[in-house]
Amino acid sequence: MTHWFHRNPLKATAPVSFNYYGMITGPPASKICNDLRSSRTRLLELFTDLSCNPETMKNAADLYFSLLQGFINSLGDSTQESKLRYVQSFKWTDTLQGHVPSAQQDAVFELISMGFNVALWYTKYASRLAGKEKFPESHIPKLLTPAEKGQDLEARLIDTYVIQCQAEAQEVTIARAIELKHAPGLIAALAYETASFYQRADHTLSSLEPAYSAKWRKYLHLKMCFYTAYVSPDSPADGEAYCYHGQTLLASDKCGEAIRSLQEAEKLYAEAEALCKEYGETKGPGPTAKPSGHLFFRKLGSLVKNTLDKCQRENGFIYFQKIPTEAPQLELKANYGLVEPVPFEFPPMSAHWTPEALAAFDLTKRPKDDSVKPKPEDDVKPVKEPDIKPQKDTGCSVS
């Protein structure tokens, strides 16, 4: 499913040394800084390592986040922030705004930005496997400097990523329902719910600058159309909901209505093909998915045509029913099979953070000229993501 899902690029970041010469007054603090540096470097390496699996990613992320917690929260059950929260500047790019980084001298900014990248990695890993994980939003209001319009940590973008993850996870549910030959009515209802997710995601981005969001929105609109065609005559879509609803009508001996439903599916499938072409021609961040070339997409076209031919034959020989001029209005609700985000929590603070370790960071010895002025070595280089070549297309197989 590599080229079935649209993916925005990973965020890039400047190196962080965690060297606090003069401030460090004891071995416990030195060890924490060394561990922070090495665990951050390791986590960044894993983002582009094709051999990395979810277990490895989780372990690496938990290690870094547990160490970083000491820069954010005080020891014990105190709700006060750590005295170290603002000692380090961090630089990150945004997925939609090219290679121009933003910087904040705030450990919460680092926690959220790195967590965002971990969440992106899960979506990319899932697309290679063809389950998603909800990005933790609880820390976002704590940012000292609120995210600017169009940046990754802005509420609209966070919401869009979360909704898209839910929609794509549900696509896997639909593929499994088709593979296991569940009732066409259930498949149509799941498709309707999935289309609603994509519609919400597209609407969430509607107020964002087209220069940043046009390509992403084309993808969301395309997927909305693909799955809406299962259901709504008023929406441009590719015909899956109508296709499976047509099968349900035929099974109920409503052959005339089934033909009209399938005719709508056929029309909408053609519209979806046109949308695929528009998406491919739209410039924007991230590699271009190729849904129209995917077996899952092509199978639907054949299914619509074959089912329509069958209905027309049977209506000519058996039913002799009048074909309605209007496509049937569908009100579908899936009673089960809907996905929910997996709850996410950051790991607890590392056991290395003891009162002795914290005391070994002496802020009074911090150099007075220690500021957030960018340094040449802090330049942010784009993440060179591996070029995933699609393997033989066999559709979506879910075990």
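The values are calculated or read from the model by the stated rules, or taken from the named source; none is laboratory data. Worth saying up front: this structure is predicted, and the values here are computed from it rather than measured. Here the Cβ positions follow ideal geometry from the backbone for every residue, glycine too, while neighbour counts run over all protein chains shown. In case anyone asks, the SASA skips ligands and DNA or RNA and just uses the protein heavy atoms, side chains included. Shrake-Rupley method; radii C 1.70, N 1.55, O 1.52, S 1.80 Å.
Conditions: (1) at pLDDT 80 or above; (2) part of a helix (DSSP H, G or I); (3) under 26 Å from the mean Cα position of the chain (by Cα); (4) over 19 Å from Tyr279 (Cβ atoms). Glu257 meets all but one. Number of the miss?
(3)
Return the total of residues in segment 55-82 being open to solvent by 30 Å² or more (accessible area, probe 1.4 Å) and at pLDDT below 95.
8
If you take the residues in segment 325-363 that are more than 30 Å from Lys58 (Cα to Cα) and loosely packed, with under 14 Cβ neighbours inside 10 Å, which one is modelled with the highest pLDDT? First the steps, then the outcome.
Let us first name the residues in segment 325-363 that are more than 30 Å from Lys58 (Cα to Cα), namely 325-335, 362-363.
Among the residues that remain, those that are also loosely packed, with under 14 Cβ neighbours inside 10 Å are: 325-326, 329, 331, 333, 335, 363.
Numbers: Thr325: 86, Glu326: 83, Gln329: 65, Glu331: 59, Lys333: 67, Asn335: 63, Leu363: 93.
Within segment 325-363, the match that is modelled with the highest pLDDT is Leu363.
With respect to Tyr86, is the statement that it is of a type in the set (Ser, Thr, Tyr), surrounded by fewer than 21 Cβ atoms within 10 Å (Cβ to Cβ) and more than 25 Å from Arg156 (Cβ to Cβ) true? Lay out the reasoning, then the answer.
Working: of a type in the set (Ser, Thr, Tyr): yes; surrounded by fewer than 21 Cβ atoms within 10 Å (Cβ to Cβ): yes; more than 25 Å from Arg156 (Cβ to Cβ): yes.
Judged against the criteria, Tyr86 is a match.
Which of the residues belonging to segment 15-25 are open to solvent by less than 40 Å² (accessible area, probe 1.4 Å) and at pLDDT below 95?
Tyr20, Met23, listed by residue number.
Mind listing whichever residues of segment 140-173 are more than 18 Å from the chain's Cα centre (by Cα) and either among the acidic types (Asp, Glu) or in a helix (DSSP H, G or I) (or both)?
Pro141, Lys142, Glu148
Can you name every residue in segment 152-186 that is in contact with a helix residue (DSSP H, G or I) (Cβ under 8 Å, 6 or more places away or on another chain) and acidic (Asp, Glu)?
Across segment 152-186, the qualifying residues are Asp152, Asp159, Glu168, Glu171.
Taking the residues in segment 95-107 that are at pLDDT below 95 and open to solvent by less than 20 Å² (accessible area, probe 1.4 Å) as candidates, determine which candidate is nearest to the chain's Cα centre (by Cα).
For segment 95-107, the residue satisfying everything is Thr95.
Go through (1) in contact with a strand residue (DSSP E or B) (Cβ under 8 Å, 6 or more places away or on another chain); (2) in a loop (DSSP other than H, G, I, E, B) one by one and return the number of the condition Cys33 breaks.
Every listed condition holds for Cys33 apart from (2).
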